[in-house]
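One structure below.
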Amino acid sequence: MKVLIPQSRYLTLSLYNKAGSSLSAANAISPSFLSLTSLPRLKQNTMAACIGASRTAITEPCPLSCDPNRSKTMDEVDLWLKMQEEARYDVEQEPVLSNYYYNSILSQGSLERALANHLSMKLSNSSLPSGTLFDVFQGVVVEDKEIVVAVMDDLRAVKERDPACVSYVHCFLNFKGFLACQAHRVAHKLWSQGRKVLALLIQNRVSEVFAVDIHPGAKIGRGILFDHATGVVIGETAVIGNDVSILHNVTLGGTGKACGDRHPKIGDGVLIGAGTCILGNIRVGDGAKIGAGSVVLKDVPARTTAVGNPARLIGGKDNPIKLDKIPSLTMDHTSYISEWSDYVI
């Protein structure tokens with residue numbers, strides 16, 4: 001078998017230029033912002049495919065696609081092989097979990113198949129069989145290769161930013177923020193295809209099972225971390241950029257008065273602390289940081305920190321202090337405290 005190994009394409013980090021000048025806080029989210037040099041994006045290349053097997057049948061693990069029309073990148077194959085290696089190690093440590101790991105990871109032929117299977121098992125109930133959901137998830141994920149790329153970026157985001165994540169397979173199986181985000185990606189695809197009833201059903205099941213309520217109309221980028229995720233609510237017209245980190249009990253909602261485009265637009269590289277409410281059709285600029293418990297009702301400039309209720313900019317509105325690091329990657333929630341003159345305990 002001949003396998004062509006593609007050369008990596010590295011996209012450079014574009015948050016700050018050499019002079020340290022800020023990015024423009026344009027209304028449109030820049031697709032090139034925060035494409036990290038440490039995370040290579042590999043172009044799709046055709047590789048060998050394996051023959052599909054029944055979801056419940058006992059099969060040998062296959063690192064390549066079970067869809068003959070599905071091309072794989074070496075990056076995707078490597079991540080899937082890494083997850084299988086981690087799964088085997090976990091089984092060695094806890095043999096009691098061997099059946100669970102076998103059904104969830106080791107018997108699956110590809111990342112997308114494992115994801116479809118795991119989500120269908122998590123979200124099924126007595127009147128909504130896992131087989132039905134599996135067919136829906138599998139069909140969408142195989143059809144849209146961008147979803148698989150986003151899944152891989154999300155896995156890396158959780159592994160790199162969350163110290164509680166011990167492995168990729170641990171995130172894949174146990175982190176409900178990650179799972180809720182991937183279920184939303186499927187629901188959003190269905191919503192964009194006009195299959196709104198099915199998309200809303202998935203939203204409802206995700207809300208019931210994971211306590212994460214993301215409207216299927218919301219647009220979410222790649223490299224997303226929903227840390228803990230309980231109580232996250234995201235409205236229909238919200239837009240979230242790439243490499244964003246959001247903690248629990250965050251609301252991206254409307255003001256209750258507006259119709260149409262009524263929800264926040266979150267730029268690339270933004271960190272949103274726990275218990276934050278961002279309301280209305282406002283923009284949080286690229287690389288901004290929102291402190292925990294804040295209520296944001298107005299635009300937040302790029303590379304600045306907003307905190308409080310109502311939120312205010314650290315350094316003041318006219319001369320806010322500019323951040324020199326990407327907050328969603330550093331996950332630093334408290335650096336702004338040193339700038340407070342009236343901070344008390």
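If we keep just the residues of region 178-206 that are buried (at least 16 other Cβ atoms within 10 Å of the Cβ) and either under 19 Å from Glu86 (Cβ atoms) or polar (S, T, N, Q) (or both), which is farthest from the chain's Cα centre (by Cα)?
Selected residue: Gln203.
Only residues that are within 17 Å of Pro264 (Cα to Cα) and either touching a Cys at 6+ places or on another chain (Cβ under 6 Å) or surrounded by fewer than 23 Cβ atoms within 10 Å (Cβ to Cβ) (or both): list them for region 211-225, please.
Asp213, His215, Gly217, Ala218, Lys219, Ile220, Gly221, Ile224
In region 194-214, is there at least one residue being of a type in the set (Asp, Glu) and in a helix (DSSP H, G or I)?
yes
Pairs, please: C-beta under 6 Å, at least 6 apart or cross-chain, first residue more than 27 Å from Pro163 (Cβ to Cβ) and in region 313-331, second of a type in the set (A, V, I, L, M)?
Listed by first residue and then by second, the contacts come to Leu313/Ala306; Gly315/Ile321; Pro320/Leu313.
Restricting the search to region 266-291, which residues are of a type in the set (Lys, Arg) and in contact with a Leu (Cβ under 9 Å, 6 or more places away or on another chain)?
Lys289
Failed condition for His170, given (1) over 24 Å from Glu85 (Cβ atoms); (2) assigned to a helix (DSSP H, G or I), with all others met?
Of the numbered conditions (1) over 24 Å from Glu85 (Cβ atoms); (2) assigned to a helix (DSSP H, G or I), the odd one out for His170 is (1).
What helices (runs of 4 or more DSSP H) lie completely within region 92-160 and have 3 or more residues being free of Cβ contacts under 8 Å to residues at least 24 places away in the same chain and buried (at least 20 other Cβ atoms within 10 Å of the Cβ)?
none
Go through (1) assigned to a loop (DSSP other than H, G, I, E, B); (2) of a type outside the set (A, V, I, L, M, F, W, C); (3) within 27 Å of Ser126 (Cα to Cα) one by one and return the number of the condition His188 breaks.
(1)
Please determine whether any residue of region 227-242 is in contact (Cβ under 8 Å) with a residue 40 or more places away in the chain and not in a loop (DSSP other than H, G, I, E, B).
For region 227-242, residues in contact (Cβ under 8 Å) with a residue 40 or more places away in the chain and not in a loop (DSSP other than H, G, I, E, B): present.
Within region 241-258, track down each residue that is surrounded by fewer than 21 Cβ atoms within 10 Å (Cβ to Cβ) and under 18 Å from Phe178 (Cβ atoms).
His248, Asn249
State yes or no: is Gly223 part of a loop (DSSP other than H, G, I, E, B), at pLDDT 95 or above and over 24 Å from Val149 (Cβ atoms)?
When the stated conditions are applied, Gly223 does not pass them.
Looking only at region 259-285, filter to residues that are farther than 14 Å from Ile246 by Cα and touching a residue at least 40 places away in the same chain (Cβ under 8 Å); which one of those is surrounded by the most Cβ atoms within 10 Å (Cβ to Cβ)?
Filtering first and then ranking leaves His263.
The values are calculated or read from the model by the stated rules, or taken from the named source; none is laboratory data. What you see is a predicted model, and the numbers here were worked out from it, not measured in a lab. All Cβ positions, glycine included, derive from the backbone under ideal geometry; neighbour counts span all protein chains shown.
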